[in-house]
Amino acid sequence: LIAMLWMQAEKQPAAKIANHAEGTFWFVLPSLPMFLILPWMLRHGWNFWPALVANCLLTTGFFWLTVVILRRFGLNLM
């Protein structure tokens, strides 16, 4: 929200703000599993730092998977 307000204050075109908002939506999706997997790992004996690193790697993988899948539907995020 702050980024979009800043873009508006800098008189960025509406299309650029719209692209930013849409891109943010698609980039949030791959991070959502982390909020389920990290607590599960912590409750099952993982120490915090290894669990966090594992989730960062998983999120990175989910991110690239999202990019590849959406590209097949004509939406290029990169």
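The values are calculated or read from the model by the stated rules, or taken from the named source; none is laboratory data. Just so you know, these numbers come straight off a predicted model, no measurement behind them. Here the Cβ positions follow ideal geometry from the backbone for every residue, glycine too, while neighbour counts run over all protein chains shown. For accessibility, only protein heavy atoms count, side chains too; no ligands or nucleic acids. Shrake-Rupley method; radii C 1.70, N 1.55, O 1.52, S 1.80 Å.
A few points about this structure:
- Its residues counted as N, the chain yields a C-alpha radius of gyration over 2.2 N^0.38 Å of 1.41.
- Relative protection proxy for 67-74, 15-22, from highest mean packing down: 15-22, 67-74 (other beta-carbon atoms within 10 angstrom).
- Förster radius 22 Å - calculated FRET efficiency between A54 and F25, Cβ distance, rounded to 0.05: 0.30
- With all protein chains in place and a 1.4 Å probe, the accessible surface of the chain carries 73 percent carbon and sulfur.
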